[in-house]
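The structure appears below as structure tokens.
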Amino acid sequence: MNIDLLFSALQYTFMQRALLVGIMIAVSSSFLGIFLVLRRYSMIGDGLAHVSFATVAFALLFQQSPLLISIPIVIMASFLILKLSEENRIGGDAAIGLVASFSVALGVFVSSLAKGFNVDLFSYLFGSILVIGQSDVIFSVFLSITVIGVILFYYQDLFALTYDEEYAVVMGKKPKKLSRILAVLTSITIVLGIRVVGTMLISSLIIFPTVTALQLNRGFKQTIALAIVISVSAVVLGIFASFVFDFPTGSTIVLMNSAFFGISFLIRILNGGN
């Protein structure tokens with residue numbers, strides 16, 4: 001990449017906004033990722049991303065703010081997934097599949113009422129740095145800091161729950177309460193991320209950095225720190241690459257994450273798979 005071109009990109013307000021929002025979302029999603037991946041809840045992010053697609057379609061149909069519409073509905077959907085997964089006859093993966101498929105069908109139906117997939121909805125599907133406004137930046141930074149703060153506050157409880165749920169219960173922790181806290185934080189992060197990466201790709205921002213960091217066999221805190229570095233690097237490189245080469249932002253960020261995963265996986269294999 002041309003260095004002068006990269007510095008000139010920083011003069012644009014939309015690039016500054018995209019980088020700020022992207023970095024904040026990368027950090028918050030990395031904090032969440034390790035708890036979701038190790039507890040095998042990572043696919044809940046994918047399910048909620050499909051729900052956010054339906055909420056965005058509703059918001060655009062009624063000309064309302066997608067962020068304000070999406071957050072409460074996606075949070076309620078996360079509670080529904082948890083409730084369904086607690087039923088003996090419905091597993092967690094089936095619950096996610098039910099909610100996700102219904103949401104996609106509903107989103108397509110609503111978009112048809114608005115005469116198809118217009119440009120606005122497409123940008124929410126796959127991300128667009130051009131749609132990030134000043135109010136979105138303030139809202140995203142505030143909520144990202146809130147997500148990180150809540151995780152740090154409940155860190156010891158979440159750590160205990162992640163590694164040994166039975167021991168956590170003996171120690172007086174409340175698994176259902178902590179699971180709902182994770183669900184709320186995941187919902188908020190998913191909704192915030194659709195501005196940069198899009199509803200179809202946001203779940204990868206939660207999964208990829210953590211899985212990549214886990215390949216390198218570090219401690220719990222080191223894995224979180226490494227996931228943050230990987231996620232922020234992928235977001236920054238992806239945004240700059242999309243600007244320079246006119247690539248779609250969301251898919252470029254995900255491909256950067258994929259490249260980092262490929263490198264870490266190769267390193268693990270070369271080290272004997274340990």
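The values are calculated or read from the model by the stated rules, or taken from the named source; none is laboratory data. No experiment lies behind these values; they were computed from the predicted model shown. Here the Cβ is made from the backbone with ideal geometry for all residues, glycine too, and neighbour counts use every protein chain on show.
Quick look at the numbers
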quantity	calculated
Given (1) free of Cβ contacts under 8 Å to residues at least 12 places away in the same chain; (2) within 26 Å of PHE79 (Cα to Cα), index of the condition LEU125 fails	(1)
Every residue from the stretch 190-218 that is polar (S, T, N, Q) and either without any contact (Cβ under 8 Å) to a residue 60 or more places away in the chain or in contact with a strand residue (DSSP E or B) (Cβ under 9 Å, 6 or more places away or on another chain) (or both)	SER204, THR212, GLN215, ASN217
Set ALA259, ALA234, ALA225: member being more than 16 Å from ILE23 (Cβ to Cβ), modelled with pLDDT of 90 or more and out of contact with any Gly (no Cβ under 8 Å at 6 or more places or on another chain)	ALA259
Scope the stretch 206-245; condition surrounded by 24 or more Cβ atoms within 10 Å (Cβ to Cβ), closer than 21 Å to VAL147 by Cα and polar (S, T, N, Q); matching residues	THR210, SER231
Search result, residues across the stretch 163-183 that are crowded, with 17+ Cβ neighbours inside 10 Å and closer than 18 Å to VAL147 by Cα	LEU178, SER179, ILE181, LEU182, ALA183
Unique match (being modelled with pLDDT under 85, in a helix (DSSP H, G or I), out of contact with any Pro (no Cβ under 7 Å at 6 or more places or on another chain) and over 26 Å from PHE31 (Cα atoms)) among SER111, SER85, SER140, SER103	SER111
Members of the stretch 174-224 that are closer than 20 Å to ASN271 by Cβ and either in contact with an Asp or Glu (Cβ under 8 Å, 6 or more places away or on another chain) or aliphatic (A, V, I, L, M) (or both)	VAL211, ALA213, LEU214, LEU216
Residue count, the stretch 219-274 (criterion: over 19 Å from LEU125 (Cα atoms), among the hydroxyl-bearing types (Ser, Thr, Tyr) and free of Cβ contacts under 8 Å to residues at least 60 places away in the same chain)	3
Subset of the stretch 141-161 [surrounded by 16 or more Cβ atoms within 10 Å (Cβ to Cβ) and more than 18 Å from the chain's Cα centre (by Cα)]	TYR154, ASP157, LEU158, PHE159, ALA160, LEU161
Which numbered condition LEU61 misses (of (1) farther than 22 Å from THR252 by Cα; (2) out of contact with any helix residue (DSSP H, G or I) (no Cβ under 7 Å at 6 or more places or on another chain))	(2)
